[in-house]
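Each reported figure results from applying straightforward, stated rules to the coordinates on display, with no laboratory input. Small disclaimer: the values here were computed from a predicted structure and weren't measured. Positions of Cβ are generated from backbone atoms using ideal geometry, with glycine treated the same way; all protein chains shown enter the neighbour counts.
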Amino acid sequence: MMWLMLQQDSPDDYVVGTGDSYSVREFVGNAFHYAGVELEWQDKGVNEKGIISSSASNLSIGDVVIEIDPKYFRPTEVEYLKADITKARTNLGWEPRTTFDELVKIMVDYDMKVLGLEPPGEGMKVSRDKGFNYTNHDFSLYEKIKEGC
């Protein structure tokens, strides 16, 4: 997308996204599920919590792993957000290459690897299969960040 934008004769603004909309709750649920952890949601609104209902790891059933903190609410919060990629499709012929589920897997795989955990690997496979060759899939940069360099 960025390359296509840079090839235009005159600069313009484009929205990059999937054109789909998902809630934070859906994202969190998918991420934990992919990592082998099932959540049960209790309560509603600012009191809602994600509690482990089953886990393939050493996490304990019943542990609260997700809570809402109102200090992160934006003052002008929008209830529904969805990227309108019409202009990019029309003017650039661009289509998103990564689905929501693939993006979740990519993010979880790399986060798990940074933490020294063995990821399922589907996200890294997606990255390689789709030709995301901007990284060699190692974490030397992240290791330096973790070491405080």
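Subtracting the Cα-Cα distance of K71 and T99 from 0.36 nm times their residue separation leaves 7.1 nm of extension gain. One chain, two ends: D84 and S10. Fully extended at 0.36 nm per residue, the span grows by 24.6 nm beyond their Cα-Cα distance. Rounded to the nearest whole Hz, the Karplus-based 3J(HN,Hα) values (6.51 cos²θ - 1.76 cosθ + 1.60, θ = phi - 60°) of segment 14-31 follow the sequence 9, 9, 10, x, 8, x, 10, 10, 9, 7, 4, 4, 5, 4, 4, x, 5, 5, with x at glycine and proline.
Once C-alpha pairs closer than 8 Å and six or more residues apart are averaged by separation and normalised to the residue number of the chain, the relative contact order reads 21 percent. Modelled spin labels at V114 and M2, positioned 7 Å past Cα toward Cβ, are 1.7 nm from each other. With a cut-off of 20 Å on the backbone N, the residues of segment 71-111 near the modelled label site 7 Å out from A31 along Cα-Cβ are 71-74, 78-83, 98-111. As a calculated quantity, the FRET efficiency between S57 and S23 at R0 = 30 Å, using C-beta atoms, amounts to about 0.75. Loop-located chymotrypsin sites (Phe, Trp or Tyr not before Pro) in segment 15-84 (DSSP state not H, G, I, E or B) with no more than 11 neighbouring Cβ atoms inside 10 Å: F73, Y80.
With Rh defined as the Kirkwood radius, the inverse of the mean 1/r over Cα pairs, the Rg/Rh of the chain is 1.02. I need the Debye-formula profile for segment 74-131: one equal scatterer per C-alpha, no solvent, reported as log10 I(q)/I(0) at q = 0.30 1/Å, two decimals. At q = 0.30 Å⁻¹ the computed log10 ratios are -1.10. Only Cα pairs under 8 Å and 6+ residues apart enter the sum, and on that basis the relative contact order of segment 15-96 stands at 33 percent.
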